[in-house]
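Here the structure is laid out as structure tokens; the discussion comes afterwards.
The values are calculated or read from the model by the stated rules, or taken from the named source; none is laboratory data. Not measured: the values here are computed from a predicted model. Here Cβ is always computed from backbone atoms with ideal geometry, including for glycine, and neighbour counts include all displayed protein chains.
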Amino acid sequence: MSASAAEVRALRSQIRTWRRGRVDTSLMEALSDAYVVVFSALVLGAMAVNVILNVHVITSGGCSSVSCLDARDALGWLFGLGAITVVLATARLLGPMLVTPAVGTWLLTAPLDRTALVRGRLLGTSVVAALVGAALAATGAALSAYPVDVIGWLTLLAGSVCVLLVAIATVDQARGGPVVRLLVWSLGVVLWLGLVLVARDDVPALLRVPAVAPLRVGVVVTAVAGVVLLVLAYRSLHLIRRERLVSGGNLLPGISGALASLDLTLFYDILVARHWRARSSVRVVRGRGSGAGALVWREVVRLRRTPQVLIGLAAALVLPYLATALGLGHVMVVAVTLTGFGAGVGLFTSLRVLSRTASLLRCFPLPASTVRLACLGVPCLALLLWSLATTPAVHGAVGGSWASCVAVALACGAASATAAVRWMTSHPPDYRLPLITSPMGAVPTSLYVSVLRGFDVLLLGTVPLLISPTPTGAAWTAGLMAAVLAFLVSRP
Amino acid sequence: MSKPAKPSKTPPLLRVRGLTKKFGDIEVLSGVDLTVTAGRALALRGRNGAGKSTLLRCVTGVDAPTAGSVELDGEPVDERSVAVRRDLAIVLDDMDFFPDLSVIEHLDLFARAHGVPDAEALVDAVVEEVRLTAQAAQLPGTLSSGQKRRLALASAFVRPRRLLVLDEPEARLDQAGLEWLTERLLKEKADGLGILLASHDPDLVKAVADRVLDLDELSP
């Protein structure tokens, strides 16, 4: 027999009492200890608001052509759509309902009312999702120089849509359906189509600056739907299986740990491992060749096995063209290198596995540099081909001969690929190094720079192209990247 | 209790002289000497923390000893050396796997990387031998710890090797797995391979090892 909500409340109260008994720091003391973090957050927040306001002013005045105005108007909408897509994808990744592994082991196995155990989480998740979605949408709307009242209503709309989506995701989690997965993909496709239309300078009327009246109606409708679905979600809470509640709870500590130590590659490892665990098995493809050739063939198989990475890379091709449509000029090369790096880093998984421990590397009877080269050849080639496809966008942005633009595009690809190799071969922060005293405790000297790995090489490769988007700049980038790649590959 | 060493005329495949390993001020191993010859097995025994895994990591060149030398065929062992990797088949406790390659694909890759002529047939045979046929298409993330251990052990048997270095190979294996492992190691010995293993299983040590080195007796 399931215990009543009152009993669950009493149990939670008991746990709270135990925890309070072990408290050795008051809230004020904790805030005092974390003053640097709080102060930094306030300063960074103020800076971010200032930047957004300045960009608002600049875009209001500097963007005067029809195509630029259309693109700017549409980006506000698309930013909002992106925000809710990110919120929904994150909700799907974590549950959205989750419990800590300890609660999963000790309380979910007991005959307690599960609704009472997780209802607080439903409320908390909805509030967080609404705040994150609203903040991101407001940022996008402000950057697009929408009128203040439109920004306000759009923010409310994004917030209420996020609550609605969290409720849908909770119901879907309880029923075990594919709704959220399809929804995430659908939102992604709509977002991509919107970006394509903007890049083609073919912005539909739907994506212009919205009128306040339909926004108000949208807010009311989504808010009402959100409340109704929240009630449905609440009633579904007891149907969520323990395994599905614990899954997100197991993932969260790993992600938190990786982010707390600023180890983004570890964060990536966690997501990749989860993806492949969920897939469970694959159609076996036998090897070909021998020696380093066998490794190269495996990379080809890996690419065929993970079409989503290639699809993502192909879809991301729209961003350089969008940058050209927005009239960013030479800065457009940043869009190419950054997009190539972000979308292409997933191609280098085997290099990551070989770099995080030496246990696999020592199984191969080849020099470490040969193994690494064999593993990065196919992904680098894929990224270079991708960068070649950005040539028309480069031509539109920086002009010059087509041969010159091909050189610049390929140099961008080389920078993206080298940055991805740097990111994937990075080591975690080394706690054997001298530790620095900080308000957050002792931290190793390599902690702060570890988060910059990859981006440092990207910057190094992009600067010559920013200064001179010509074959000369491309040659400098290619030379620098070749040197960096040689160093990364030949490391012991 | 150590078995008496059998005199051997063949030169040692692996020779360790005066190996010392310190972590900071803590001396884990002090002046360890050992040899492994072809067709013979040496087992390391000792309580938890006696330094068995540390010794194996130093012997295989994964970690550098603080003092002393490790030689394979008279050449210093460095795991970065291609020749060492070709001759030494190592299964330590830190085996990693590619998340997106299936069981059979892992073994296929190792065999081909080592230039095994008929890789496919050998891999199929080893997969069957380690009883992973049903899991051949499975990804490592979905294997049980015992199945992962069998996959790690199988990786040592699909490639050319002269010396097997195994750290607690019996760990997480079921009874059938233990029996298979014992038979396999005896066969490896009969085929002329040298074996260096650390183990807590007295039955496995008794069946396979020609000599036993008790690290508790050498504790610094």
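Can you tell me which residues in the range B:77-121 are more than 7 Å from every other protein chain (Cβ to nearest Cβ) and among the acidic types (D, E)?
B:D78, B:D87, B:D93, B:D118
Filter the range A:344-377 down to residues that are within 14 Å of chain B (Cβ to nearest Cβ), in a helix (DSSP H, G or I) and among the β-branched types (V, I, T), then give me how many there are.
4
Sort out which residues of the range B:1-27 are surrounded by 18 or more Cβ atoms within 10 Å (Cβ to Cβ), at pLDDT below 90 and of a type in the set (A, V, I, L, M), and write them in order of number.
none
As an exercise: evaluate A:D202 against (1) part of a helix (DSSP H, G or I); (2) free of Cβ contacts under 8 Å to residues at least 60 places away in the same chain and give the number of the one condition it does not meet.
It is condition (1) that A:D202 fails.
So which residues in the range B:123-157 are over 18 Å from the mean Cα position of the chain (by Cα), assigned to a helix (DSSP H, G or I) and within 12 Å of chain A (Cβ to nearest Cβ), if there are any at all?
Listed by number, the residues that qualify are B:V123, B:D124, B:V127, B:T133, B:A134, B:Q135, B:P140, B:G141, B:T142.
Out of the residues in the range A:251-276 that are in contact (Cβ under 8 Å) with a residue 60 or more places away in the chain and more than 14 Å from chain B (Cβ to nearest Cβ), which is farthest from A:Q308 (Cα to Cα)?
Residue satisfying both the conditions and the ranking: A:S261.
For the range B:86-109, what are the residues that are closer than 15 Å to A:V353 by Cα and within 20 Å of the chain's Cα centre (by Cα)?
Listed by number, the residues that qualify are B:D94, B:M95, B:D96, B:F97, B:H106, B:L109.
Answer yes or no as to whether A:F341 is more than 14 Å from chain B (Cβ to nearest Cβ), crowded, with 23+ Cβ neighbours inside 10 Å and not aliphatic (A, V, I, L, M).
Spelling it out, A:F341 is indeed more than 14 Å from chain B (Cβ to nearest Cβ), crowded, with 23+ Cβ neighbours inside 10 Å and not aliphatic (A, V, I, L, M).
Give the range B:158-172 a look and list any residue that's in a loop (DSSP other than H, G, I, E, B) and within 10 Å of the chain's Cα centre (by Cα), or say none.
B:E168, B:P169
Looking at the range A:230-246 only, could you name the residues that are farther than 25 Å from A:V161 by Cα and touching a residue at least 40 places away in the same chain (Cβ under 8 Å)?
Residues satisfying the conditions are A:R241, A:R242, A:V246.
Can you name every residue in the range A:392-423 that is surrounded by fewer than 19 Cβ atoms within 10 Å (Cβ to Cβ) and in contact (Cβ under 8 Å) with a residue 12 or more places away in the chain?
Selection gives A:P392, A:G396, A:G400, A:A403, A:V406.
Select the strands (runs of 3 or more DSSP E) contained entirely in the range B:1-93, then report the ones holding at least 1 residues which are among the hydrophobic types (A, V, I, L, M, F, W, C) and closer than 24 Å to B:F110 by Cα.
B:14-23, B:67-72, B:88-91
Please enumerate the residues belonging to the range A:142-169 that are surrounded by fewer than 20 Cβ atoms within 10 Å (Cβ to Cβ) and either of a type in the set (D, E) or closer than 23 Å to A:L229 by Cα (or both).
A:D149
Mind checking which residues of the range B:138-159 are out of contact with any helix residue (DSSP H, G or I) (no Cβ under 7 Å at 6 or more places or on another chain) and free of Cβ contacts under 8 Å to residues at least 40 places away in the same chain?
B:S144, B:S145, B:R149
When the range B:43-65 is examined, which residues are found to be buried (at least 22 other Cβ atoms within 10 Å of the Cβ) and of a type in the set (A, V, I, L, M)?
B:A43, B:L44, B:L55, B:L56, B:V59 - these are the residues of the range B:43-65 that are buried (at least 22 other Cβ atoms within 10 Å of the Cβ) and of a type in the set (A, V, I, L, M).
For the range A:142-168, name all the residues that are over 23 Å from A:D70 (Cα atoms) and either free of Cβ contacts under 8 Å to residues at least 60 places away in the same chain or under 21 Å from the mean Cα position of the chain (by Cα) (or both).
Those that are over 23 Å from A:D70 (Cα atoms) and either free of Cβ contacts under 8 Å to residues at least 60 places away in the same chain or under 21 Å from the mean Cα position of the chain (by Cα) (or both): A:G159, A:V161, A:C162, A:V163, A:L165, A:V166.
Of everything in the range A:454-492, what is surrounded by fewer than 21 Cβ atoms within 10 Å (Cβ to Cβ) and assigned to a loop (DSSP other than H, G, I, E, B)? Give them in sequence order.
A:S468, A:T470, A:R491, A:P492
Within the range A:107-141, work out how many residues are over 20 Å from the mean Cα position of the chain (by Cα), surrounded by fewer than 16 Cβ atoms within 10 Å (Cβ to Cβ) and more than 23 Å from A:R235 (Cα to Cα).
So the answer is 0.
Is it the case, given these coordinates, that B:L181 is surrounded by 19 or more Cβ atoms within 10 Å (Cβ to Cβ) and outside any helix (DSSP H, G or I)?
Here the answer is no, as B:L181 does not meet what is asked.
Only one of A:A205, A:A233 is under 19 Å from A:S126 (Cα atoms) and of a type in the set (A, V, I, L, M); which?
Only one candidate qualifies: A:A233.
Within the range A:295-311, restricting attention to residues that are within 18 Å of A:G340 (Cα to Cα) and surrounded by fewer than 16 Cβ atoms within 10 Å (Cβ to Cβ), which residue is farthest from the other protein chains (Cβ to nearest Cβ)?
Of everything passing the filter in the range A:295-311, A:I311 is farthest from the other protein chains (Cβ to nearest Cβ).
Of (1) surrounded by fewer than 24 Cβ atoms within 10 Å (Cβ to Cβ); (2) touching a helix residue (DSSP H, G or I) at 6+ places or on another chain (Cβ under 8 Å), B:D87 satisfies all except one. Which?
(2)
Would the range B:51-72 turn up any residue that is more than 21 Å from B:V32 (Cα to Cα), facing another protein chain (nearest Cβ under 8 Å) and in contact (Cβ under 8 Å) with a residue 12 or more places away in the chain?
No, the range B:51-72 has no match at all.
When the range A:277-291 is examined, which residues are found to be under 30 Å from A:P365 (Cβ atoms), surrounded by fewer than 19 Cβ atoms within 10 Å (Cβ to Cβ) and either of a type in the set (G, A, S) or away from every other protein chain (no Cβ under 11 Å) (or both)?
A:S281, A:G289, A:S290, A:G291
Just checking, does the range A:206-227 include any residue being outside any helix (DSSP H, G or I), out of contact with any Asp or Glu (no Cβ under 6 Å at 6 or more places or on another chain) and over 23 Å from A:L98 (Cβ atoms)?
Yes, because at least one residue in the range A:206-227 is outside any helix (DSSP H, G or I), out of contact with any Asp or Glu (no Cβ under 6 Å at 6 or more places or on another chain) and over 23 Å from A:L98 (Cβ atoms).
Matching residues to (1) assigned by TED's automatic domain parsing to the domain that holds A:L165; (2) of a type in the set (S, T, Y); (3) surrounded by 16 or more Cβ atoms within 10 Å (Cβ to Cβ); (4) assigned to a loop (DSSP other than H, G, I, E, B):
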| residue | (1), (2), (3), (4) |
| --- | --- |
| A:S256 | no, yes, no, no |
| A:L259 | no, no, no, no |
| A:R274 | no, no, yes, no |
| A:G293 | no, no, no, no |
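Among A:L447, A:L452, A:L458, which is within 27 Å of A:S261 (Cβ to Cβ), of a type in the set (A, V, I, L, M), assigned by TED's automatic domain parsing to the domain that holds A:A403 and modelled with pLDDT under 80?
Testing whether each residue is within 27 Å of A:S261 (Cβ to Cβ), of a type in the set (A, V, I, L, M), assigned by TED's automatic domain parsing to the domain that holds A:A403 and modelled with pLDDT under 80 leaves just A:L447.
Just one of the numbered conditions (1) assigned by TED's automatic domain parsing to the domain that holds A:D73; (2) modelled with pLDDT under 85; (3) polar (S, T, N, Q) is not true of A:S236; which one?
That leaves (2) as the condition not met.
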